[in-house]
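Written out below as structure tokens is the structure these notes cover.
Nothing in this text is a laboratory measurement; each read-out follows from the coordinates by a stated rule. Keep in mind that this is a model prediction, so the values were computed, not measured. Please note: Cβ atoms are built from the backbone with ideal geometry, for glycine as well, and neighbour counts cover all protein chains shown.
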Ligand code: NAP
């Protein structure tokens, strides 16, 4: 059991811990055992959190950027000081290897550090005036109360990308985490208490997602909704939010191509593909969903890649040396199995893996498929699991066409040593994020987000802060 101080089975609403009533069970995906319960709260408690956020908004907004930045910095320090305990909590509820979980805590912390600093740089403009006796002043102001909904695959980091920007900008935030991973979210309540964040500035509520989401959409005190999750839910939520003219940020699904050209550094491409594909057991929105390899290097890449994947250690994330934990639940395993069955029935060959792991439960063998074609489900549907399908292409034009042949546009990757090709392909890929000779692209200082069905808005970087700011223009007249 993780350190008790961060393990709270109550919600953190308006600066108070709230329990009682019906509860939701939370299980450890590695063991199938119950970890505990969290409250099953609904609209009334969401309203309470919103009321508190709305009440504290004027005071929070008026604090100096230095003060808000310093509090963000304290959250960064609290996360880093408790990295081991928070990492363990994350592994127990989500399943990822402990090293990855601790890495996620550090990654989450880095957003509070970055945005704490960035709070001091919310600049406006003086625009050259159209009139001699008037001046045009542009300032930026916090949008107001934010409702946030996040998934289970990065339970600490997905909240950080939103909450750090919101707090830095001067917005209070209410966080609704995924049902499978509420404890890493509730730990933010403990930290908020510890550092003396004003009551109502950050609340964490657990309960039925549609009910909480409806309250976020319909309550006029909420001015922005930020969501990370699947594209279908994101689209429904966006259209509901827009009916009430709320600002939205949507970080949705992906179908990332990972292109390896003949002239690539083969070992670098293999290492990049393993890291990109199997991190978090393939359960990431930027995971390589389709690996496109040029004909001249295809066999060599397939052999080296499959050999590396075959040697990966699968097990309980708390055990030493484990590189891949369980999948989140049975539905995730069923989807992976369905993708593999569909591909092999249409002619794909399994190079390694391909079935449930002997450990049982939701453990699955890291899998590589070769001779994959665009008629197979893996080419158009996000697998969200440890399956790497290898497609073959002949020319640069064909690779670009295949890569862009999807409704998604989040992350993409390619490996080449040709500078001209690097620029051509970078410009041709219809994606929000591109890794050139790199398989891991996340950092708080760069804008993370997608185009097309992968959503709108950006998280991280100076652009991520803009998503929590409204622009105000003032015309100051009567000067002469
Ligand atoms: P999901 O089903 O959409 O769930 C995500 C969140 O939405 C959870 O908190 C869930 O709550 C909530 N939710 C479910 N139904 C809802 C509804 N009708 N209205 C409002 N909220 C609702 O997504 P998932 O399958 O758990 O997560 C994986 C997806 O997230 C993948 O598609 C992945 O690509 C995407 N993702 C994107 C990014 C990015 O930055 N672009 C990052 C990570 C993940 P409950 O848990 O209570 O159901």
**Fill in**
Footprinting proxy, 250, 312: sorted fewest to most Cβ within 10 Å, the residues are 312, 250
**Prompt:** If we count other beta carbons within 10 Å of each Cβ, what is the order of 327, 242, fewest first?
**Reply:** 242, 327
**Complete:** PRE zone check, label point 7 Å out along Cα-to-Cβ of residue 209, amide N under 16 Å, scope segment 162-177, hits 175-177
**Two-site label geometry, residue 331 and residue 16: point separation in nm, points 7 Å out along Cα→Cβ** = 3.4
**Item:** Helix axis angle, 419-428 relative to the chain longest principal axis, alpha carbon, degrees
**Value:** 60
**Message:** Multiplying the sequence separation of residue 395 and residue 80 by 0.36 nm and subtracting their Cα-Cα distance, what value in nm do you get?
**Reply:** 108.7 nm
**Message:** With the crude spin-label approximation of a point 7 Å out along Cα→Cβ, what separation in nm comes out for residue 380 versus residue 130?
**Reply:** 4.9
**Message:** Can you compute the label reach from residue 5? Point 7 Å from Cα along the Cβ direction, backbone N cut-off under 14 Å, restricted to segment 45-84.
**Reply:** 77-84
**Asked** Taking 0.36 nm per intervening residue step and subtracting the Cα-Cα distance, what contour gain separates residue 300 from residue 275 on full extension?
**Response** 7.2 nm
**Item:** Rel. contact order, % - alpha carbon contacts under 8 angstrom, at least six apart, the chain
**Value:** 18
**Asked** For helix 65-81, what angle does its Cα long axis make with the longest principal axis of the chain, in degrees from 0 to 90 and rounded to 10?
**Response** 40
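Find how much the distance from residue 43 to residue 137 grows on full extension, using 0.36 nm per residue of separation minus their present alpha carbon separation; answer in nm with one decimal.
Length gained between residue 43 and residue 137: 29.8 nm.
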**Prompt:** Taking square-rooted eigenvalues a ≥ b ≥ c of the alpha carbon gyration tensor, is segment 291-380 rounded, prolate or oblate, where a/c under 1.5 means rounded and, failing that, a/b exceeding b/c means prolate?
**Reply:** oblate
**Request:** Determine, for 258, 6, the number of other Cβ atoms within 10 Å of each Cβ, and report the residues in order from fewest to most.
**Result:** 6, 258
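Shape call for the chain from the C-alpha gyration tensor, a ≥ b ≥ c root eigenvalues: rounded (a/c under 1.5), prolate (a/b greater than b/c) or oblate?
oblate
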**Rough spin-label spacing in nm, given labels placed 7 Å along Cα→Cβ, for residue 244 and residue 440** = 3.9
**Request:** Give the shape of segment 56-118 as rounded, prolate or oblate, defined through the alpha-carbon gyration tensor: a ≥ b ≥ c are the square roots of its eigenvalues, a/c under 1.5 means rounded, and otherwise the shape is prolate if a/b is larger than b/c and oblate if not.
**Result:** prolate
**Request:** Round to the nearest 10 and give me the degree value, 0 to 90, for the angle of helix 83-94's Cα axis relative to the longest principal axis of the chain.
**Result:** 60
